[in-house]
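First up is the structure itself, then whatever we jot down about it.
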Amino acid sequence: MIYAVSDIHGCYEQYKELLNKTGFSGNDTLYVLGDVLDRGPEPIQILADMAGRYNVIPLIGNHEYMALSVLKSLMKEITEDNYDKVLNQNFMKSYQYWLSSGGQVTLDQFRKLNPDDRAFLLDYLEEFQLYNEFTLNGEKYVLVHADIAGEEKDRPLENCGIEDLIFTQADYSKIYSSSYYLVTGHTPTFKIDMEYAGKIYRKNRHIAIDCGCVWGKDLGMYCFDTGECIYSSAREK
Ligand SMILES: [Mn+2]
C-alpha cells in the first residue's frame, strides 16, 4: 500500500500509532510531506525513526528548511576568526524566526545527540525531496508540502523554486489540473474549511492531509490504494 502523512510536528506517539494501525511493513511506502520537526514533543525521535526505514520517502517542509539552515551553521566550530561570518545578521534572523516558529524543542533535542548522530540526521534532512509524483491505478498524484507555482499552476514542477512549494498556501477552492490530484500538508484542514476540522480534505482534486495534530486534533494518514483515511485516536484537548 502507498500512504501519505504530513505535519507530524513532533507527535511521535501519534505517528507510531498510525504505523501500527495500518500494519505498515516493508512492502508499503509512506510519503512524509514535511514539517516533521518543531512545535510538538518528540521531533528528533520521529526523524531518527524515518531515517531507519528505506520505504519512507521524506519531502521537505518549511520547518525542515528553517532548521537546516540554522543547524548547519551551528555545527561549525565558532572561533574568534569566523565569529562574524558564521553568526552574521542573516543567521540571527533565521535563528530568531525558527525559534518563534516552534524550533526550540528541535534545537534542544538536537543538542543532546552525539556529534555522529547530529551529522547523520543533518545529512538525512538534506536528502528530503522538494516534491514527488506517482501514478497508481491510472490516477496521477503530485505530492508537495504546501503548494505549487504561485499563480502559474500549469508551470512544470521542475521549474518551481523552493519558495513556490513550501511556504505558500494552496487554493483549495480551485481545481489546479484535471490530470492529477495535488496532495499537500502545511495548511491544517480546519483552516481550509471548518467542516473538515481534524479530517483529511478531499475536494477539487486536492487531498489536504494536515489534520492539525499539533493543534490538538488527530494525525491523519491517507491510503492511496483504498482511498481510506486513517486517524490517530482522539486526544485530550
Ligand atoms: Mn508547513
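A few notes on this one:
- Spin-label model distance (nm) - Ser233 vs Ile162, 7 Å beyond Cα toward Cβ: 3.9 nm
- Taking every protein chain into account, the accessible area of the chain amounts to 49 square angstrom per residue (probe 1.4 Å).
- Take the Cα of Met1, go 7 Å toward its beta carbon, and the backbone nitrogen atoms of the stretch 212-232 under 12 Å from that spot belong to 221-231.
- DSSP bridge orientation in the stretch 2-231 - percent antiparallel, rounded to nearest 5: 50 percent
- Ligands, DNA and RNA left out, the 1.4 Å accessible surface of the chain is 46% carbon and sulfur atoms.
- Cα→Cβ-extended label distance, 7 Å offset, between Leu74 and Ser178, nm: 5.0 nm
- Think of the stretch 2-231 as a dipole: +1 on every Lys or Arg Cβ, -1 on every Asp or Glu Cβ, centred on the Cα centre; then among Pro188, Thr135, Ile60, Pro188 lies furthest on the positive end.
- Those GluC sites (Glu not before Pro) in the stretch 24-98 that DSSP places in a loop and that have at most 12 other beta carbons within 10 Å: Glu77, Glu80
- Debye-sum result for the stretch 2-231 in log10 I(q)/I(0), which assumes one identical scatterer on each alpha carbon, at q = 0.08, 0.10 Å⁻¹: -0.29, -0.45
- Paramagnetic reach from Glu126 in the stretch 46-89 [backbone N under 11 Å; point 7 Å along Cα→Cβ]: 72
- Separation in nanometres of the label points that stand 7 Å from Cα toward Cβ, at Arg111 and Asp81: 2.7 nm
The values are calculated or read from the model by the stated rules, or taken from the named source; none is laboratory data. Small disclaimer: the values here were computed from a predicted structure and weren't measured. Backbone-built Cβ (ideal geometry, glycine too); neighbour counts: all protein chains shown. The area values use the complete protein model at the heavy-atom level, side chains included, leaving out ligands, DNA and RNA. Shrake-Rupley method; radii C 1.70, N 1.55, O 1.52, S 1.80 Å.
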